[in-house]
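Below is one structure; the comments refer to it alone.
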Amino acid sequence: MGRKKKVVFPAAGEAFAFQLDDGRYSVCRVLSDGVNQIDTKVEAVLIACSTWIGSEVPSADNPELRPILKLTHHAWNNRAEMGWVTEAVPDSFIPIGTIEPTDEEAAIHCTGYTSWESMRIQSLKQWRWDHDREAVLAEDAIKEQEEAEQSAQDENEHQGYLEQVKLQDLAKHTFFPHWEHVPKKTLEASRKIMLDAINELIALGESASEEARLEVLENCIEAFNALDAEHNFIETLEREDICDEFEAIVHACGLGALDSPDEPLVDEWREW
């Protein structure tokens, strides 16, 4: 396997034009090519987006390119569109020359990452918010309605799955297929925890007491508590996946009545 190609970053002051989705152009520039203020071990440059938008690629000596875009659209609260980028300049970005940062700009302390693509997206979003807000809000309303309808459909399908899922089906299930960044041994241990719980519940039989089934479920989550304490691997994705898979086990063993979206059974025992 070859070495990863080293990223060649632009120098402070270099400016680039980029085309927006409506065919016009905007500009971003490098404010600092010094030390990454977030993580000194990660190479990055600080870039900022211009307020300027025009029909043609501009010259760097245009003074209208210097003001930095402030985002006020939607939930943004007058935040400057700037940040550290760790990727090379995209081929579609057009070098236009140099806009030397002022001493004040060079001294800006920024603690957020961004991307070159964010410059392109946010530039047009802010322009539309300032000049075509009614249409933007109408589009937002349509999108929210579509998302609500999709969410309701997904929830209906999920509830249908929970109503018919069986322990025997889960015993053949591959748990956590998307855990690409979890170490293999930890992933295998996590899958074993789930399968052990399922097999114990199957062995108890359908006539097992609620208390006996709850003990198996509690032991399952306690095992994850111990595994996470040792390997510290449960982040947002892992937490959501464990909760979802555990919910299926709860329903499959006949204790769905004790589980609800507002008070999931897993919350009684989990420490992550």
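The values are calculated or read from the model by the stated rules, or taken from the named source; none is laboratory data. None of the values given here were measured: they were computed from a predicted structure. Neighbour counts are summed over all protein chains in view; Cβ atoms, including those assigned to glycine, are modelled from backbone coordinates with ideal geometry.
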Task: Identity of the residue in the range 237-272, of a type in the set (A, V, I, L, M, F, W, C) and not in a helix (DSSP H, G or I), that ends up nearest to residue 221 (Cα to Cα) - done: 269
- [ ] Residues being touching a helix residue (DSSP H, G or I) at 6+ places or on another chain (Cβ under 8 Å), under 18 Å from residue 117 (Cβ atoms) and among the hydrophobic types (A, V, I, L, M, F, W, C): count how many of those fall in the range 32-55.
- [x] 4
Task: From 146, 157, 206, residue being of a type in the set (Asp, Glu) and closer than 15 Å to residue 247 by Cα - done: 157
Open item on the list: Can you tell me how many residues within the range 226-236 are in a loop (DSSP other than H, G, I, E, B) and touching a Ser or Thr at 6+ places or on another chain (Cβ under 8 Å)?
Closed with: 1
- [ ] Can you give me the number of residues within the range 225-252 that are surrounded by 14 or more Cβ atoms within 10 Å (Cβ to Cβ) and either under 23 Å from residue 168 (Cβ atoms) or not assigned by TED's automatic domain parsing to the domain that holds residue 170 (or both)?
- [x] 11
- [ ] Go through 147, 188, 155, 139 for me and flag whichever is modelled with pLDDT under 95 and not assigned by TED's automatic domain parsing to the domain that holds residue 27.
- [x] 155
Open item on the list: All but one of (1) under 13 Å from residue 122 (Cα atoms); (2) modelled with pLDDT under 95 hold for residue 80; state the number of the condition that does not hold.
Closed with: (2)
Open item on the list: Given the options 155, 163, name the one that is among the acidic types (Asp, Glu) and under 24 Å from the mean Cα position of the chain (by Cα).
Closed with: 155
Open item on the list: Exactly one of these conditions fails for residue 260: (1) more than 20 Å from residue 181 (Cβ to Cβ); (2) touching a residue at least 12 places away in the same chain (Cβ under 8 Å). Give me its number.
Closed with: (2)
- [ ] Please state which one of 42, 35 is among the aliphatic types (A, V, I, L, M), on the phi < 0 side of the Ramachandran plot and in contact (Cβ under 8 Å) with a residue 12 or more places away in the chain.
- [x] 42
Open item on the list: Among the residues in the range 134-143, are any part of a loop (DSSP other than H, G, I, E, B), of a type in the set (A, V, I, L, M, F, W, C) and loosely packed, with under 12 Cβ neighbours inside 10 Å?
Closed with: no
TODO: Output yes when any residue across the range 159-169 is of a type in the set (Val, Ile, Thr), touching a strand residue (DSSP E or B) at 6+ places or on another chain (Cβ under 9 Å) and not in a helix (DSSP H, G or I), and no when none is.
DONE: no
- [ ] Give the residue, chosen from 197, 189, 223, that is over 16 Å from residue 265 (Cβ atoms), among the aliphatic types (A, V, I, L, M) and part of a helix (DSSP H, G or I).
- [x] 189
- [ ] Specify the residue that is surrounded by the fewest Cβ atoms within 10 Å (Cβ to Cβ); the eligible residues are those in the range 69-93 that are β-branched (Val, Ile, Thr) and more than 16 Å from residue 17 (Cβ to Cβ).
- [x] 72
- [ ] Being in a loop (DSSP other than H, G, I, E, B) and within 19 Å of the chain's Cα centre (by Cα) is the filter; apply it to the range 105-121 and report the residue that is surrounded by the fewest Cβ atoms within 10 Å (Cβ to Cβ).
- [x] 111
Open item on the list: If I filter the range 5-22 for residues that are polar (S, T, N, Q), part of a strand (DSSP E or B), on the phi < 0 side of the Ramachandran plot and crowded, with 20+ Cβ neighbours inside 10 Å, do I get at least one hit?
Closed with: no
- [ ] Name every residue in the range 183-203 that is within 14 Å of residue 170 (Cα to Cα), in contact (Cβ under 8 Å) with a residue 24 or more places away in the chain and not aliphatic (A, V, I, L, M), in order of residue number.
- [x] 196, 199
Open item on the list: Condition first: touching a Gly at 6+ places or on another chain (Cβ under 6 Å) and either touching a residue at least 24 places away in the same chain (Cβ under 8 Å) or among the hydroxyl-bearing types (Ser, Thr, Tyr) (or both). Can you find one or more residues in the range 80-93 that meet it?
Closed with: yes
